[in-house]
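> Attaching a single structure in structure tokens format; questions to follow.
The values are calculated or read from the model by the stated rules, or taken from the named source; none is laboratory data. Everything numeric in this text was worked out from a predicted model, so none of it was measured. Backbone-built Cβ (ideal geometry, glycine too); neighbour counts: all protein chains shown. Please note that ligands, DNA and RNA were not included when accessible areas were found on the heavy atoms of the full protein model with its side chains. Shrake-Rupley method; radii C 1.70, N 1.55, O 1.52, S 1.80 Å.
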Amino acid sequence: MSDTTAPTRKPVTLHRLREMQAAGEPIAMLTCYDASFARLLDHAGVDCLLVGDSLGMVIQGERTTLPVSLDEMVYHTRLVARANQTAWVVGDLPYGTYQESPSQAMRSATALMQAGAHMVKLEGGGWTAETVRFLVERGVPVCAHLGLTPQTVHALGGYRIQGKGGDAVSTLVRHAKELSDAGAAMCVLELVTATAAREVTKNVAMATIGIGGGVDCSGQVLVLHDMLGITQGKLPRFVRNFMEGSPSIGAAVARYVADVKARTFPDDSLHAY
């Protein structure tokens with residue numbers, strides 16, 4: 001952490017992310033919640049830093065993401081943006097800050113963008129397409145989120161695999177197309193079958209970022225504390241501990257980036273559903 005030299009790469013922009021997607025170069029994303037890790041992840045070559053509302057569970061010790069407030073997301077986004085130099089920063093819109101109306105979503109997105117986010121992320125399909133279009137038309141880049149959407153975990157009946165069965169896959173693809181057509185540039189696919197993620201990726205213009213979605217997505221994301229072996233207890237199948245065999249945190253993150261780029265992580269036989 002004493003290294004203060006600037007990363008050698010040019011800043012990652014939305015145009016650069018689209019170039020990567022078109023060229024078939026996987027996008028490496030990790031969650032990030034503070035300045036120290038933002039600096040380390042940026043230097044290790046992580047393309048996108050996701051300031052996720054997962055901080056509610058990882059940082060605050062909550063059982064779900066639901067208690068996280070917009071003020072808390074603004075605070076953590078500001079910390080990450082302050083230390084980051086070249087990575088693309090995505091800020092989560094927390095529960096209750098965009099569901100009411102597109103105008104409410106715009107006010108919330110404004111707060112995150114003013115804190116330093118380059119893009120905002122919101123969960124769900126169907127009704128969210130209108131909100132995505134509203135934001136994109138007003139200059140806000142949007143990342144969608146389908147599959148397991150933690151903000152609706154109670155409605156989903158818990159943390160369950162999504163996209164199982166023909167009807168579920170077709171619904172997922174339809175929602176993804178609607179979001180892509182509305183202007184979403186990226187979509188996290190969480191805890192969906194590899195088959196479903198593959199179908200979505202083939203049928204939409206936006207980049208897909210898998211977390212349990214298999215190797216055929218346009219990129220991958222993990223929760224930082226999971227892939228560093230910090231999280232205690234039973235972890236999801238899609239997690240790999242990159243600290244094992246790594247001499248430092250920076251080396252572990254660099255391995256993650258390299259393995260995502262080489263498509264050796266995830267291994268569908270070990271990490272997909």
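> Quick one: count up the residues across region 193-234 that are part of a helix (DSSP H, G or I) and either of a type in the set (A, V, I, L, M) or open to solvent by less than 10 Å² (accessible area, probe 1.4 Å) (or both).
Number of matching residues: 6.
> Could you list, ordered by first residue, the pairs with Cβ atoms under 6 Å in which the first is in region 129-142 and of a type in the set (Gly, Ala, Ser) and the second is in a loop (DSSP other than H, G, I, E, B), at least 6 apart or interchain?
If the second residue must be in a loop (DSSP other than H, G, I, E, B), the pairs left are ALA129/ALA182.
> Do we have any residue at all in region 117-128 that's open to solvent by 20 Å² or more (accessible area, probe 1.4 Å), farther than 21 Å from MET206 by Cα and at pLDDT 95 or above?
No, region 117-128 contains no residue that is open to solvent by 20 Å² or more (accessible area, probe 1.4 Å), farther than 21 Å from MET206 by Cα and at pLDDT 95 or above.
> On to the next question. Regarding region 136-147, can at least one residue be identified that is in a helix (DSSP H, G or I), of a type outside the set (Asp, Glu), modelled with pLDDT of 95 or more and closer than 17 Å to CYS187 by Cα?
Yes, region 136-147 contains at least one residue that is in a helix (DSSP H, G or I), of a type outside the set (Asp, Glu), modelled with pLDDT of 95 or more and closer than 17 Å to CYS187 by Cα.
> Restricting the first residue to region 224-235 and requiring it to be closer than 15 Å to TYR33 by Cα and of a type outside the set (D, E, K, R), which pairs with a second residue that is open to solvent by 30 Å² or more (accessible area, probe 1.4 Å) and assigned to a loop (DSSP other than H, G, I, E, B) meet a Cβ separation below 6 Å and a spacing of at least six or different chains?
These pairs meet every condition: HIS225/THR231; LEU228/MET243.
> When the residues of region 79-110 are narrowed to those that are part of a helix (DSSP H, G or I) and in contact with a strand residue (DSSP E or B) (Cβ under 9 Å, 6 or more places away or on another chain), which ends up nearest to PHE134 (Cα to Cα)?
This residue is ALA105.
> Name the single residue that is surrounded by the fewest Cβ atoms within 10 Å (Cβ to Cβ) among those in region 246-260 being of a type in the set (Val, Ile, Thr) and closer than 16 Å to SER36 by Cα.
The qualifying residue surrounded by the fewest Cβ atoms within 10 Å (Cβ to Cβ) is ILE249.
> Hey, could you check region 53-78 for residues that are outside any helix (DSSP H, G or I) and of a type in the set (Asp, Glu) and say which is nearest to MET119 (Cα to Cα)?
Only one residue tops the list, namely ASP53.
> In region 11-24, is there at least one residue being more than 18 Å from ALA207 (Cα to Cα), at pLDDT 95 or above and more than 18 Å from the chain's Cα centre (by Cα)?
Yes.
> Let me ask another. If MET113 passes every condition in (1) open to solvent by less than 40 Å² (accessible area, probe 1.4 Å); (2) closer than 19 Å to VAL12 by Cβ; (3) of a type in the set (A, V, I, L, M); (4) part of a helix (DSSP H, G or I) but one, which one does it miss?
Single failed check for MET113: (1).
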